[in-house]
Amino acid sequence: MEKRPFFIAGDLISNAAVGALAALATHALIAPYLGMFVGMVLGMVLGMIISMLLTTLLFSVIWGAMEVMLPCMVSGMVAGMVPAMWHSSSAVAMERGVWIGIVVVLVTYLLSTAFSLNKEGQQA
Amino acid sequence: MNFHCQKKWDRAAGTFDIMAGRGPENRWRDAKRAFFSAMKPNHRILFLAMGTGLDIPCFPTGLTIDSIDISPKMLEKAQPRIAVYDGQIHTQVMDVHNMSFEDETFDQVFTSCTFCSVPDPVKGLESLKRVLKPGGELHMFEHTGSSLFPFSFMLHLMTLLTSQIGPDMNRKTVTNVRAAGFEVDRVNNLFLDVVKTIHARKPAG
């Protein structure tokens, strides 16, 4: 698991930012009349596009490649779906996006620790 | 020589250090130093592929290393880093699928984020096996695909884009190493099951 403060801060900042922006963009661009299912799918796609742009052009240049890109894509994908599930204000949508980003970082760290303990078990 | 691949990496050479030279290298520096510490003096070492030489600061000093890369523009960019290395690095433009080295030349082969980009990974690994001495060591620092959803899905998706301008993100490199006839000694996962070191050897018999 990552122990260096610079990279832990980077992971949290990048995922929180991607989560907030993905949720805000979905809230602003995807109309509620589309319905929950279509809204979730479009929000997911929008969140992934936002995460790919932000990580490729900014966050991965500063904080790392796969370690930044993969969790950020999950954060963007999930946070993009949220406004379609729970209609709320843009501020609340962003706050949920931030929390999603933080949770994704924590889950990724736990999974990464589990994989690092499994020296021979994977076959990727 | 795969000229399509060569052209792709020649094009990437101009911006390669901007994308890969700071964040990824800083994040992996400690792990790479530990990885390259397996380079042994008095061994014939092949490093594939040199790229712009970002890995050179992580090499132990005082070694003599042969290195190849398919891209002349990458090797051109690597020259300042090669010049300051406290040891000797000999570079050649060469395609791993068709290396001109004699059979059983090297004691150790090292790769670093290379087999995400080799067009035919099993054939490339078979070429490395050919130039290794019996019992010779293969050490790889690679990113691969994942066995875990949603990361596996995302890596497949990213590959649709990245393979046009650079690496694939969904390679099954450990499987490929075995398919090429190497004996895998150990695999260490550094990030999820995506970034890893693979340590293998050519069968002695």
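Descriptive notes on the structure:
- Here the label points at residue B:26 and residue B:104, each 7 Å from Cα along the C-beta direction, are separated by 4.8 nm in the simple model.
- Counts of other chain beta carbons within 10 angstrom of each beta carbon in peptide A:65-77 average 6.
- Extents of the range A:54-110, taken as max minus min of Cα coordinates on every principal axis and listed largest first, are 34, 27, 14 Å.
- Cα convex hull volume per residue for chain A (Å³): 105
- Panel note: the C-alpha atoms of the range B:48-148, placed on their principal axes, show extents of 37, 34, 24 Å (largest first).
- Highest-MSF residue in chain B out of B:108, B:79, B:164 [GNM, Cα springs under 10 Å]: B:164
- Between the range A:9-79 and the range B:127-205, the alpha-carbon center distance in angstrom: 28
- With N the number of residues in the protein assembly as shown, Rg(Cα) / (2.2 N^0.38 Å) evaluates to 1.06.
- Between B:27, B:81, B:11, the GNM of chain B built on Cα springs shorter than 10 angstrom shows B:27 fluctuating the most.
- Semi-axis lengths, Å, chain B, gyration tensor of Cα atoms, sqrt of 5 times eigenvalues: 23, 21, 17
- Taking a quarter of the surface of the Cα convex hull of the range B:85-205 gives a mean projected area of 8.4 nm².
- Taking B:24, B:72, B:41 as the candidate residues, the one with maximal mean-square fluctuation in a Gaussian network model of chain B, Cα springs under 10 Å, is B:24.
- The Kirkwood hydrodynamic radius of the range A:37-86, based on inverse pair distances between different Cα atoms, is 10.7 Å.
Bear in mind these aren't lab numbers, they're just calculated from the coordinates by the rules spelled out. Note that the structure is a prediction, hence the values are computed from the model and not measured. Don't worry about glycine lacking a Cβ; one is built from the backbone with ideal geometry, like all the others, and counts go over all protein chains shown.
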